[in-house]
Amino acid sequence: MKRVVFVLLTICVLNSCNSNEPKPIKLNSDSCDNCKMTISNGKFGAELITEKGRHYKFDDIACMVKFAKSGTTVSTKAFYVNDYLQDNTLIDAKKAFYLKDGSINSPMRGNRAAFSTQQEAEQYKTKLNAAPSSWDEIFNSFQ
């Protein structure tokens, strides 16, 4: 019986280490895993989590996509992007609403901004003179 409890406890501990949850980006401390620049802008950061649970951090959505497509990582489990309106708050990249170009100036010129809701993206579309976009379009637009 003790052996079964030990095995179950070990499985629970190992599963908790392999989380889908992003780790907070430490602004002005963490470096981008693609371009190696220090991540300093809380509006544009991003994070990729691999199937093995490794977290890679980026200063721009473009850096994350380029890194994911470069073949340097194993299978990707999740993508997160910073919410443009909530400084340094990561949201699920596949559920976010995006604007591109216009007056959006991200660190590596990806010029994409993510929002938690479609309503927020619509509100900022005119302010930023930007066009709506989607995760699929963003992921396919960078090489």
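In order along region 129-143, the phi-based Karplus estimate (6.51 cos²θ - 1.76 cosθ + 1.60, θ = phi - 60°) of 3J(HN,Hα) comes to 6, 10, 9, x, 8, 10, 4, 4, 5, 5, 4, 8, 8, 10, 8 Hz; Gly and Pro are listed as x.
Remark on the chain: ratio of C-alpha radius of gyration to 2.2 N^0.38 Å is 1.17. Pairs exceeding 24 Å between alpha-carbon atoms, taken from 57/95; 23/125; 52/100; 23/127; 36/69: 23/125; 52/100; 23/127. Under 5 Å from the amide H of residue 110 lie the amide H atoms of 62, each residue being 5 or more positions distant or on a separate chain, with H modelled from the backbone and absent for Pro and chain starts.
Here residue 143 and residue 76 are evaluated by their C-beta separation; at R0 = 25 Å the FRET efficiency comes out at 0.90. Taking amide hydrogens as placed 1.01 Å from N in the peptide plane, the amide H of residue 89 sits under 5 Å from those of 83, each at least 5 positions away in sequence or on another chain.
Summarising the strand pairing of the chain, around 95 percent of its internal DSSP beta bridges are antiparallel.
With a 1.4 Å probe and all protein chains left in place, how much of the accessible area of the chain comes from carbon and sulfur atoms, in whole percent?
Numbers: 4180 of 8230 Å².
So the carbon and sulfur contribution to the accessible surface is 51 percent.
Report the full-extension gain for the segment residue 126 to residue 23: residue separation times 0.36 nm, less the Cα-Cα distance, to one decimal in nm. Let's see the in-between values first.
Values: separation 103, 0.36 × 103 = 37.08 nm, distance 3.21 nm.
Length gained, residue 126 through residue 23: 33.9 nm.
Mind pulling the angle between the C-alpha long axis of helix 118-127 and the longest principal axis of the chain? Nearest 10 degrees, somewhere in 0 to 90. That works out to roughly 30 degrees.
The values are calculated or read from the model by the stated rules, or taken from the named source; none is laboratory data. All values reported here derive from a predicted model rather than from experimental measurement. In this analysis, Cβ positions are derived from the backbone assuming ideal geometry, glycine residues included, and neighbour counts consider all displayed protein chains. Surface areas here come from the heavy atoms of the whole protein model, side chains and all, with no ligands, DNA or RNA. Shrake-Rupley method; radii C 1.70, N 1.55, O 1.52, S 1.80 Å.
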